[in-house]
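The values are calculated or read from the model by the stated rules, or taken from the named source; none is laboratory data. For clarity, every value in this text was computed on a predicted model and none was experimentally measured. Cβ placement follows ideal geometry from the backbone for every residue including glycine, while neighbour counts extend to all protein chains displayed. In case anyone asks, the SASA skips ligands and DNA or RNA and just uses the protein heavy atoms, side chains included. Shrake-Rupley method; radii C 1.70, N 1.55, O 1.52, S 1.80 Å.
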Amino acid sequence: MGKKIFVSYKYSDGNVQNLPGNYFTTVRHYVDELQLHLKAEDHINKGENDGESLATLADTSISSKLGDKIYDSTVTIVLISKGMKDTTPERDQWIPWEISYSLREQSRAGRISKTNAILAVILPDSNGSYDYFYTHDSICNCYNYNTANLFSIIKGNMFNKKENTTYDCYGKTVYTGNFSFIHSVKWTDFLGNVDRHLDTALEICSNKAQYNLKKTID
């Protein structure tokens, strides 16, 4: 049975590496590329891409726009890009709402949807670098995560396992295992084994009681 996937992304962000044959690549083009790497039976539903402002929308209006789209999905892929977050309040941007609804249990026609698994796929910036999100520490053989510029609802669901396994490396705490509810992976690594990374996100979600979930928007 195919997976039902909701894709959350900043459609107009052009601070990404150009895809082959496309010199004006935006995150929206990565969504098209993503579709090519999913199985034929997998179905994706795209997040909002019309640029509609949320500043004047009531929560109920946002709910009607996102509820039906996300309700029937089991996995949310959020494409992390360098310019995904702008200077407007987080409540006035689509991605935080899309993540919030992915984490909620929604009721439709007497049925209640479960919390979605969430996978963060990190896109390379215009220089082909991932350093804006994480850098490799060759001494401790681990990654340093830069979550400061993420939306708070994404940041709040990383490093949020209730009981973590860690070790000390020259005074630095290194986390092991699935320490975040929102599992993250580089775009290139994701394409190398799409199903494995989706399955990892689903496995984490099946153990969601082990995590302190942040479902609200600041």
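How would Phe6, Phe24, Phe179 rank on accessible area, largest to smallest, probe 1.4 Å? The partial results should precede the final answer.
On the way: Phe6 0, Phe24 175, Phe179 30 Å².
Putting Phe6, Phe24, Phe179 in descending order of accessible area: Phe24, Phe179, Phe6.
Starting from the Cα of Leu202, move 7 Å in the Cα-to-Cβ direction to define the label point; list residues of segment 70-84 whose amide nitrogen is under 12 Å from there.
Those under the cut-off are 74-76.
State the percentage of accessible surface on the chain attributable to carbon and sulfur atoms; use a 1.4 Å probe and exclude ligands, DNA and RNA.
Numbers: 5120 of 10920 Å².
Within the chain, the accessible surface is 47 percent carbon and sulfur.
Show that you can apply the helix-only estimate: for the chain, add -39,500 (n - 2.57) for every DSSP H stretch of four or more residues, divide by all residues, and state [θ] at 222 nm to the nearest 500. Provide the component values of the computation, followed by the final result.
Working: 6 runs with 57 residues, N = 218.
My calculation for the chain gives -7500 deg cm²/dmol from helical runs alone.
Once the whole set of protein chains is in place, how much accessible area is left on Asp168, using a 1.4 Å probe, in Å² to the nearest 10?
The value for Asp168 is about 110 Å².
At 1.4 Å probe size, with every protein chain present, just tell me what the per residue accessible area of the chain comes to in Å². Intermediate results must be reported in sequence, preceding the final value.
Values: 10920 Å² over 218 residues.
So the chain comes to 50 Å² accessible per residue, rounded to a whole number.
Over the alpha carbons of the chain, what is the largest minus smallest coordinate on each principal axis, giving the biggest first in Å?
Cα spread of the chain along its principal axes, largest to smallest: 53, 44, 38 Å.
What percent antiparallel are the DSSP beta bridges of segment 64-150, to the nearest 5? Show your work: numbers first, answer last.
Details: 6 of 12 bridges.
Among the beta bridges of segment 64-150, antiparallel pairing accounts for roughly 50 percent.
Kindly flag which residue pairs out of Lys10/Lys186; Lys162/Lys186; Lys4/Lys208; Lys155/Lys186; Lys82/Lys155; Lys114/Lys214 have an alpha-carbon separation exceeding 21 Å in this structure. Don't skip to the end; give the middle numbers.
Details: Lys10/Lys186 17 Å; Lys162/Lys186 25 Å; Lys4/Lys208 19 Å; Lys155/Lys186 17 Å; Lys82/Lys155 15 Å; Lys114/Lys214 15 Å.
From Lys10/Lys186; Lys162/Lys186; Lys4/Lys208; Lys155/Lys186; Lys82/Lys155; Lys114/Lys214, over 21 Å: Lys162/Lys186.
Can you sort Leu191, Leu36 by 1.4 Å-probe accessible area, starting with the largest?
Values: Leu191 50, Leu36 130 Å².
Highest to lowest solvent-accessible surface, that is Leu36, Leu191.
Antiparallel as a % of all DSSP beta bridges within the chain, to the nearest 5?
Values: 12 of 30 bridges.
Bridges in the chain are about 40 percent antiparallel.
From the gyration tensor of the Cα coordinates in segment 69-174, what semi-axes in whole Å does the equivalent ellipsoid have, largest first, with each one equal to sqrt(5λ)? Kindly include the intermediate steps, with their values, before the conclusion.
Numbers: eigenvalues 173, 73, 29 Å².
Largest first, segment 69-174 gives 29, 19, 12 Å.
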